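Visitor: Can you keep this structure in mind? I'll have questions shortly.
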Amino acid sequence: MKGNISFVKGDITLQDTDAIVNAANSSLLGGGGVDGAIHKAAGPALDEECRRIGYCPTGQAVITTGGNLKAKYVIHTVGPIWHGGTRNEPELLASCYRNSLKLAEEKDIKTIAFPSISTGAYGYPIEQAAHIAVKTVSDYLKTSNTIKEVRFVLFSKRDYDVYVEAYKELQ
Ligand code: ADP
């Protein structure tokens, strides 16, 4: 693997990576959770750019500047809502990570931070989501020449432990 994967417990709005990823909703208008925190910290320029883009389907990703954030860019991806696992949720969640990394590569972004997509309001069981997240990112990094660091930023100690464990299981 060329790039590194790291895990921190913390607030994604404070990260100094080139880009941070937002667990957005399809309207891109901002909401609760990590989405609300990112919109608040980035300021009105982010709202305006998101309004212009207008929409993002589940599993896809769009990019804006970072506004007042330390990060130069915000990549907004829309995770699947958990319906029990029968509506293609695993593939859609993997697509979020893959499409975000693809956008990052196109912009020559070298360091990127992800939150735990879909495991808050969208109800995805975190053990399953963490496994998909770390597997998809580590597979992607095997093929990427530009991305140097992918940082998972987990908001609670428990989420952090689940991600670290999922990564250990992968090794
Ligand atoms: P989703 O709708 O995709 O489930 P949420 O924002 O509800 O998104 O939750 C995703 C995860 O982001 C949850 O684990 C939540 O605890 C976490 N989270 C909330 N605020 C922040 C933040 N400032 N930095 C990092 N993670 C956060």
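The values are calculated or read from the model by the stated rules, or taken from the named source; none is laboratory data. All values derive from a computational prediction rather than experimental measurement. Don't worry about glycine lacking a Cβ; one is built from the backbone with ideal geometry, like all the others, and counts go over all protein chains shown. Areas reflect the complete protein model, heavy atoms only, side chains present, ligands, DNA and RNA absent. Shrake-Rupley method; radii C 1.70, N 1.55, O 1.52, S 1.80 Å.
Visitor: Which of (1) on the phi > 0 side of the Ramachandran plot; (2) touching a residue at least 24 places away in the same chain (Cβ under 8 Å) is the odd one out, the single condition G30 does not satisfy?
Guide: Status for G30: all satisfied but (2).
Visitor: Hey, any hits in region 91-112 for a residue that's within 12 Å of the ligand (Cβ to nearest atom) and over 18 Å from H76 (Cβ atoms)?
Guide: Filtering region 91-112 for residues within 12 Å of the ligand (Cβ to nearest atom) gives 92-93, 96.
Of the ones still in play, those that are also over 18 Å from H76 (Cβ atoms) are none.
No, region 91-112 has no match at all.
Visitor: Restricting to region 115-136, give me the number of residues that are more than 6 Å from the ligand (Cβ to nearest atom), out of contact with any strand residue (DSSP E or B) (no Cβ under 8 Å at 6 or more places or on another chain) and not polar (S, T, N, Q).
Guide: Filtering region 115-136 down to residues more than 6 Å from the ligand (Cβ to nearest atom) leaves 123-136.
Checking which are out of contact with any strand residue (DSSP E or B) (no Cβ under 8 Å at 6 or more places or on another chain) leaves us with 123-132, 135-136.
Filter again for not polar (S, T, N, Q), leaving 123-127, 129-132, 135.
Total meeting the criteria: 10.
Visitor: Against the condition within 14 Å of the chain's Cα centre (by Cα) and part of a strand (DSSP E or B), how does V34 come out, does it pass?
Guide: Working: within 14 Å of the chain's Cα centre (by Cα): yes; part of a strand (DSSP E or B): no.
Answer is no for this residue.
Visitor: Restricting attention to region 75-125, which residues are buried (at least 24 other Cβ atoms within 10 Å of the Cβ), closer than 12 Å to V137 by Cβ and of a type outside the set (S, T, Y)?
Guide: Within region 75-125, L93, C96, L101, A104, I112, A113, F114, I117 meet the criteria.
Visitor: Moving on to the next point. Is it fair to say A42 is within 15 Å of the ligand (Cβ to nearest atom) and farther than 13 Å from S26 by Cα?
Guide: Working: within 15 Å of the ligand (Cβ to nearest atom): yes; farther than 13 Å from S26 by Cα: yes.
So A42 passes the test.
Visitor: Right, next: Evaluate region 8-19: report whether one residue or more is within 12 Å of the ligand (Cβ to nearest atom) and under 11 Å from G66 (Cα atoms). So that I can check it myself, show each step before the final result.
Guide: The first filter runs over region 8-19 and keeps only residues within 12 Å of the ligand (Cβ to nearest atom), leaving 8-15.
Now narrow it down to the ones that are under 11 Å from G66 (Cα atoms): 13.
Checked against the condition, which is being within 12 Å of the ligand (Cβ to nearest atom) and under 11 Å from G66 (Cα atoms), region 8-19 yields at least one hit.
Visitor: Here is a list of conditions, (1) assigned to a loop (DSSP other than H, G, I, E, B); (2) under 28 Å from K157 (Cα atoms), and V74 meets all of them except one; can you say which number that is?
Guide: Unmet for V74, out of (1) assigned to a loop (DSSP other than H, G, I, E, B); (2) under 28 Å from K157 (Cα atoms): (1).
Visitor: Looking at (1) in contact with a Lys or Arg (Cβ under 9 Å, 6 or more places away or on another chain); (2) surrounded by fewer than 21 Cβ atoms within 10 Å (Cβ to Cβ); (3) part of a loop (DSSP other than H, G, I, E, B); (4) modelled with pLDDT of 95 or more, which one does L141 not meet, given that it meets all the others?
Guide: Unmet condition: (3).
Visitor: Determine whether region 144-161 contains at least one residue that is modelled with pLDDT under 95, under 22 Å from E91 (Cα atoms) and open to solvent by less than 90 Å² (accessible area, probe 1.4 Å).
Guide: There is at least one residue in region 144-161 that is modelled with pLDDT under 95, under 22 Å from E91 (Cα atoms) and open to solvent by less than 90 Å² (accessible area, probe 1.4 Å).
Visitor: Could we say that T17 is assigned to a loop (DSSP other than H, G, I, E, B) and at pLDDT 95 or above here? Show your work before the answer.
Guide: Details: assigned to a loop (DSSP other than H, G, I, E, B): yes; at pLDDT 95 or above: yes.
Considered against the rule, which asks whether it is assigned to a loop (DSSP other than H, G, I, E, B) and at pLDDT 95 or above, T17 comes out as yes.
Visitor: Might you check whether a residue that is open to solvent by 40 Å² or more (accessible area, probe 1.4 Å) and of a type in the set (S, T, Y) occurs anywhere in region 1-12?
Guide: Filtering region 1-12 down to residues open to solvent by 40 Å² or more (accessible area, probe 1.4 Å) leaves 1-2, 4, 8-9, 11.
Applying the additional criterion that residues be of a type in the set (S, T, Y) yields none.
Within region 1-12, none of the residues are open to solvent by 40 Å² or more (accessible area, probe 1.4 Å) and of a type in the set (S, T, Y).
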